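The values are calculated or read from the model by the stated rules, or taken from the named source; none is laboratory data. Computed from a predicted structure; not experimentally measured. Cβ sites come from the backbone with ideal geometry, for glycine too, and all protein chains shown count toward neighbours. Quick note on the areas: whole protein, heavy atoms, side chains included, nothing else; ligands and nucleic acids left out. Shrake-Rupley method; radii C 1.70, N 1.55, O 1.52, S 1.80 Å.
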Amino acid sequence: MARTVDAGGLTQDEAGALSIEEQFDLVRERDARMQELLTEAQLVISDGVWIWGQKGAGPIAGPNAWALPGMELENSYFLQMWRGTQPAGATGAKQDLDPMLDYFKEQGWETTVRESSGPNFEAVADTGEGFLVSWKVKANGLYNMEVMSQSYWGDSRTLLHEIVDRIPPEETAINESLPGVYIRFPDWSDPVDYAPNLQDHGE
């Protein structure tokens with residue numbers, strides 16, 4: 001039987017019956033869990049300063065690779081955040097995946113290893129709760145830790161506005177930090193004001 005529920009266990013009709021405030025609160029819960037996953041994974045590698053890429057908090061409109069039939073730009077979204085580090089002398093050696101592979105195994109997560117031109121190597125773990133944690137080691141010495149959600153049904157454009165426009169611009173200006181520092185997810189009661197989008201700086 002084809003899967004009909006999204007990464008949060010909701011059908012399109014169930015998600016569509018929720019108010020925007022209720023959908024907003026779901027994004028908050030999902031963002032908080034992703035923060036936990038990312039922080040724990042970063043600390044396996046380093047408790048030092050990491051470079052910010054995709055900052056988190058704001059939903060990314062449209063489906064990703066885990067889309068359900070019928071998901072489009074307007075009716076679905078996913079969440080993503082990643083941080084980068086440049087270990088001294090790093091060259092993207094495959095064995096640099098080992099600490100995360102051991103960690104993923106300890107968590108009991110299903111893990112795959114991928115290779116791409118560079119060569120670059122990536123260990124990707126499925127947490128079993130709709131999130132993927134990945135550790136990518138690249139030949140250029142920039143290593144990335146990423147957490148991405150599978151796809152969710154939801155009013156993506158309205159959610160993006162309601163969330164991102166409640167985040168003060170100064171809170172999005174962080175470019176590097178220790179693990180555990182994130183953009184504060186806004187409250188529904190916060191005023192709606194313009195904030196720049198939270199897209200990443202590229203890799």
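Some notes on this structure:
- Computed FRET value (nearest 0.05) for GLU36 with ARG114, which takes r as the C-beta separation and R₀ as 25 Å: 0.55
- Distance in nm between pseudo-label sites at ASP193 and ALA17 (7 Å out along the Cβ direction from Cα): 3.8 nm
- FRET efficiency estimate (nearest 0.05) - Cβ-Cβ, VAL5 to THR91, R0 35 angstrom: 0.25
- Neighbourhood charge, 12 Å Cβ-Cβ cut-off, centred on ARG184 and excluding it, Lys, Arg +1 and Asp, Glu -1: -2
- Rel. contact order, % - alpha carbon contacts under 8 angstrom, at least six apart, the chain: 29 percent
- Shape analysis of segment 96-153 places it in the oblate category; the axes a ≥ b ≥ c from the Cα gyration tensor give an a/c of at least 1.5, with a/b not above b/c.
- Counting protein heavy atoms only, the chain has 50 percent of its accessible area on carbon and sulfur, 1.4 angstrom probe.
- Computed extension gain for ILE51 through GLU29, at 0.36 nm per residue and net of the alpha carbon distance, reaches 5.5 nm.
- Remark: the chain carries a charge dipole of roughly 660 debye about the Cα centre, counting +1 on each Lys and Arg Cβ and -1 on each Asp and Glu Cβ.
- Dipole of the chain [Lys/Arg +1, Asp/Glu -1 at C-beta], most positive-end residue of ASN75, ASN64, HIS161: ASN64
- Once the 1.4 Å probe is applied to the protein heavy atoms, the chain comes out at 48 Å² accessible per residue.
- Compared with the dominant principal axis of the Cα atoms in the chain, helix 20-45 is inclined by about 10°.
- Value at 222 nm in deg cm²/dmol, rounded to 500, when DSSP H runs of n ≥ 4 in the chain each add -39,500 (n - 2.57): -7500 deg cm²/dmol
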